[in-house]
Amino acid sequence: DGTFKYFDEPIYTNLALPWFENFEPTNYDTPKAPETYNPVGYYRTSFTLPEGWDGREVFISFQSVESAYYLYVNGHKVGYSTDSFTAHDFNITPYLNESGENTIALKVFRWSIGSWLENQDFIRQSGIYRDVYLYSKDEAEIRDFFVKTDFVDRTSENSDVNVTVETDVRALHNTAEGTYTLSAYIKDDEGKVVAQADNQEVTLQAASTNFADKLKDHGTTLTSTMKVTNPAKWFPDTPNLYSLVLELKKGDTVMEAVVERIGFREIYKVDIDDAGHEQMQITGRQVVLRGVNRHDTDLETGHALTFEDYLTDLTLMKQNNLNAIRTAHYPNDKVLYDLADELGLYVCAEANIESHTAASQ
């Protein structure tokens, strides 16, 4: 009707796509984003770079935006992304003013082609749900890492554990070939180092000045191994955690440091009789799951939750003797997984796929 609205209406549907019943017919054979009615939200803010970020690569991270959006920095179109409940990071270095104010603008579409896969049965909303933040990196970075634990005796609560850390290291803007060192070690809650790997060295060529080539570079994988002697094991009632520390250095200069909380447990199944009946166990103990489905939902803020909201939810679950969560039906904020590790909750972590297409037809 031409009236400007700050907010669009929340919609609840289960099987049917939200625009199917309300706005326009949908052809399942030729899926596309709705065109008759597809509201767009505009977000804009400004910032200045912190002192000490000169010469560093600057990234912006969107932890959750539904459903699809275009990002603009200082009037330049930076990129486009979908997948409402997964974090997206953009390197915005080429578009920034090193001094003075910078402007970020977001153009968010309520529905997109990705919405065909995001047909969860809950109240449908759209917009920015989770944190948006900037971070910077030096000339080389820890791009990603993967931690693997291998019990010497997975059925024993007193087992030693071999730890393997695969770390991807890549050049970002080093102008010449250089040698970098990666160190990895594990600390307990009292700050004592309980295991340390041998330092790994890697030689990285000068980073490409072509932005497309830089994006394609996944880095060089370094493998660190160490053994932890009889660490305290992770169980829901005793959720013992340790801190894995990774440091990337060039000479004595630390390029980047990462700390990740890790626990030690083995989940597997065993035969419990001659008839072939099996039981799931965790490090020699029977697993009993007392779980619930969970949505990101608040009476006033909808799908936008705070750390305190997550903490309240999970604490209430533990107080009522629950020990498992199913993230129905999408990835949650990283804080949920961290709290589940710390409080002692199993997590069935689902992907952002709930199409209902067959049922809808």
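The values are calculated or read from the model by the stated rules, or taken from the named source; none is laboratory data. Because the structure is predicted, anything quoted here is derived from the model rather than measured. Neighbour counts run over all protein chains shown; Cβ positions are idealised from the backbone, glycine included. Note: accessible area is taken over every heavy atom of the protein model, side chains too, but ligands, DNA and RNA are not part of it. Shrake-Rupley method; radii C 1.70, N 1.55, O 1.52, S 1.80 Å.
Here region 106-157 exposes an accessible surface that is 47 percent carbon and sulfur, computed with a 1.4 Å probe and the other protein chains kept in place.
Filter the GluC sites (Glu not before Pro) in region 250-312 to those in DSSP coil with at most 13 other Cβ atoms within 10 Å of their Cβ, and list the result.
Listed in order of number, the matching sites are Glu300.
With the biggest extent put first, the Cα atoms of region 212-293 measure 59, 33, 30 Å across the principal axes. Basic side chains Lys and Arg get +1 at the Cβ, acidic Asp and Glu get -1 at the Cβ, and with that the dipole of region 232-361 about its Cα centre reaches some 260 debye.
Among Gly219, His295, Trp234, which residue has its Cα furthest toward the positive end of the charge dipole of the chain, with +1 on Lys/Arg Cβ and -1 on Asp/Glu Cβ? Farthest along the dipole direction, towards plus: Gly219. Label reach from Asp217 (point 7 Å along Cα→C-beta): in region 166-205, amide nitrogens under 15 Å belong to 168-180, 202-205.
Put simply, region 148-224 fits an ellipsoid with semi-axes of 34, 14, 10 Å; these come from the alpha carbon gyration tensor as the roots of five times its eigenvalues, largest first.
Tell me, what % of the accessible area of region 194-304 is carbon and sulfur with a 1.4 angstrom probe?
Carbon with sulfur: 44 percent of the solvent-accessible area.
Averaged over its residues, the chain has an accessible area of 54 Å² per residue, based on protein heavy atoms and a 1.4 Å probe. Over region 307-361, the fraction of Cα-Cα pairs per 10 Å bin, rounded to whole percents and listed from the shortest bin up, is 23, 48, 17, 11, 1. Max-minus-min Cα coordinates of the chain on each principal axis give 69, 63, 38 Å, with the largest extent listed first. Placing a label point 7 Å from the Cα of Ala257 along the Cα-to-Cβ direction, the residues of region 186-209 whose backbone N falls under 15 Å from that point are 186-188, 191-193.
The order of the peptides 205-216, 131-142, 104-115 by mean Cβ neighbours within 10 Å, most packed first, is 104-115, 131-142, 205-216.
Here r is the Cβ-Cβ distance between Tyr37 and Leu316 and R0 is 45 Å; the resulting FRET efficiency, rounded to 0.05, is 0.75. Amide hydrogen proximity for Glu256: with H placed 1.01 Å from N in the peptide plane, the residues at 5 or more positions away or on another chain lying under 5 Å are Leu248. With R₀ set to 35 Å, the beta-carbon distance separating Lys148 from Phe47 gives a calculated FRET efficiency near 0.35. Our compactness index for region 32-159, the C-alpha radius of gyration over the empirical 2.2 N^0.38 Å, is 1.40.
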